[in-house]
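Right, one structure below, let's go through it.
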Amino acid sequence: MKKNLNIIQIKGLRGLIIVGMIACCLFAGFIVFPGFVSMIIWNYITQILIQIPKINLLQGVLLWGIIIASYFTFRKEKLIVCVKNPQGLSEEELKAVFSDIKKQAQEDKIIQTMLKARETELKIKEDENKETTKSDIK
């Protein structure tokens with residue numbers, strides 16, 4: 001069973017600039033803009049109800065962080081973060097993926113080094129398996 005596997009390669013200054021732009025947009029969209037909105041709401045509500053000093057953008061971002069932390073702390077469902085890939089690739093699928101990488105990157109030295117390391121790791125595993133089977137037979 002072959003799984004879809006996307007490999008993204010960032011090459012050169014252009015790739016770094018694109019990654020930087022994407023990171024800035026994500027930072028602005030998920031942190032700064034909601035912080036700005038919470039600052040505006042805080043300043044509007046506190047000026048109407050009670051006379052508390054206004055907050056600036058940094059304090060609005062911190063207020064947004066407090067709101068998000070409170071949400072995850074007090075909600076009833078539990079948050080589970082899983083770092084492990086539940087559907088790992090088999091050895092045959094990994095070999096197929098690495099052969100595709102070899103075809104795509106013949107001149108890239110970093111990828112060639114990674115491939116050599118993977119091949120030696122597989123050889124070591126095969127040798128260990130052979131040794132364990134020999135020791136089991138004895």
> What FRET efficiency would be calculated for the residue pair I66, I22, taking the C-beta separation as r and a Förster radius of 22 Å, to the nearest 0.05?
Replying inline: 0.25
> Volume per residue, Å³, of the convex hull around the alpha-carbon atoms of the stretch 8-79?
Replying inline: 113
> For the pair T113 and L49, how long in nm is the line joining their label points, each one 7 Å along Cα→Cβ?
Replying inline: 5.8
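Any read-out appearing in this document is the output of simple, stated calculations on the displayed coordinates, not a laboratory observation. The model shown is predicted, which means the values in this text are computed figures rather than measured ones. FYI the Cβ positions are ideal-geometry reconstructions off the backbone, even for glycines, and counts take in every protein chain you see.
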